[in-house]
1. Across segment 252-285, what is the total count of residues that are aliphatic (A, V, I, L, M) and part of a helix (DSSP H, G or I)?
2. Among the residues of segment 287-296, are any of a type in the set (Asp, Glu), touching an Asp or Glu at 6+ places or on another chain (Cβ under 6 Å) and either modelled with pLDDT of 85 or more or exposed (fewer than 15 other Cβ atoms within 10 Å of the Cβ) (or both)?
3. Can you find, within segment 1-21, the residue that is modelled with the lowest pLDDT among those that are buried (at least 17 other Cβ atoms within 10 Å of the Cβ) and in a helix (DSSP H, G or I)?
4. Among the numbered criteria (1) surrounded by 15 or more Cβ atoms within 10 Å (Cβ to Cβ); (2) touching a residue at least 24 places away in the same chain (Cβ under 8 Å), which single criterion is violated by ARG24?
5. Collect the residues in segment 130-148 that are surrounded by 12 or more Cβ atoms within 10 Å (Cβ to Cβ) and either modelled with pLDDT under 90 or of a type in the set (Ser, Thr, Tyr) (or both), keeping them in residue-number order.
6. So which of GLU282, GLU255 is at pLDDT below 90 and out of contact with any helix residue (DSSP H, G or I) (no Cβ under 8 Å at 6 or more places or on another chain)?
7. Quick check: anything in segment 212-229 within 20 Å of ASP301 (Cα to Cα), modelled with pLDDT under 70, touching a helix residue (DSSP H, G or I) at 6+ places or on another chain (Cβ under 7 Å) and not assigned by TED's automatic domain parsing to the domain that holds VAL276?
8. Return the residues of segment 66-100 that are in a strand (DSSP E or B) and over 15 Å from the mean Cα position of the chain (by Cα); say none if nothing qualifies.
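The values are calculated or read from the model by the stated rules, or taken from the named source; none is laboratory data. As the structure is a computational prediction, the values presented were derived from the model and not from experiment. Here the Cβ is made from the backbone with ideal geometry for all residues, glycine too, and neighbour counts use every protein chain on show.
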Amino acid sequence: MGKRYQFFISSTFWDLENIRKEVRQSLLQSGQIPAGMEDFSATGEAQMDMIERVLKNCDFCILIIGGRYGTVAEGHDKSYTEREYEYIKDKAKLPILAFTHTHPEELESPEHKETNETKAKLDKFRNSLHHLNPTPWGNSTELLLAIKTSIMDIVTNGLYPEAIGWVRGNTVASADLTAEQNALLKENKALKTENEKLKTELGKNESAIPDIAGLDDVMAAELWQHNANVQLSLHKPTWGDLFFTIAKQFNILREDTHGEDIRQFFGFNEDAWQIVCVQFEELGLIRIYNGASDLWWSLTDKGEKLVRQALTARKQDKEAESP
């Protein structure tokens with residue numbers, strides 16, 4: 001049966017008003033249902049209440065990040081857009097299709113100029129979206145093409161089979177059949193999740209390079225002999241020495257780390273630094289992604305597991321009891 005999906009459009013409003021209109025029109029032309037703040041009139045907390053009610057009937061969220069952080073309601077420290085995102089992620093639990101502008105500073109206008117505080121909040125918000133693999137866009141044409149491609153994956157290729165959607169009343173299957181289908185979809189999703197966990201445990205995500213140096217292997221001399229930092233002054237340090245030193249020094253277990261900070265701390269030149277980044281990526285220990293202005297490091301599940309194992313205290317052997 002032909003389903004139509006409802007997409008909630010989340011973004012700042014005044015600077016992206018025309019963009020929002022084009023996205024709504026594109027959704028309608030694709031046979032889908034747009035929803036957003038244009039569909040209701042409310043202010044203050046009533047606006048968030050209305051947004052939450054609308055989201056209960058939505059299947060997906062299109063999150064568009066431009067050059068503004070957005071309006072912050074009195075008594076709050078986050079914009080409506082970021083609060084929408086957190087509600088969708090934590091409570092509504094809708095799939096989020098994120099799109100971030102490649103050069104947000106180009107979208108600034110004299111009427112809506114960002115302060116240093118809101119710029120910092122925008123950068124932090126953008127960085128928090130990296131796990132969504134947001135699609136970059138530079139103009140409305142690129143954005144609309146990216147959104148149409150995402151819709152095609154959803155509608156034609158069944159990218160999110162668990163999405164409920166909307167159908168005509170006279171085409172709905174019986175309640176029992178629908179319940180059975182939903183149960184099978186949930187079971188299929190659970191099995192896929194378990195399969196991915198097993199793949200990780202079995203090391204299926206290891207590097208395809210057969211002779212890659214592991215954590216127990218000594219680093220090439222040119223990478224550490226001229227290193228200015230005492231943290232790497234061990235006699236013939238291994239890749240594991242470097243990895244765990246980074247993890248401890250920068251608390252990478254708790255938060256993503258700015259790559260340039262690591263490079264400067266250890267005094268790596270550009271060539272050596274490129275080797276270090278590629279090595280740990282190939283070992284499946286880190287992900288490297290573009291933040292607002294530079295590259296950031298994030299632990300993979302495998303990397304986090306190894307760091308936790310290294311940092312966890314072990315039981316001490318009990319002293320033999322005196323006779």
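1. So the count comes out to 5.
2. Yes.
3. Ranking the candidates gives ASP15 first.
4. (2)
5. THR135, SER140, listed by residue number.
6. GLU255
7. No.
8. Correct list: VAL72, SER79.
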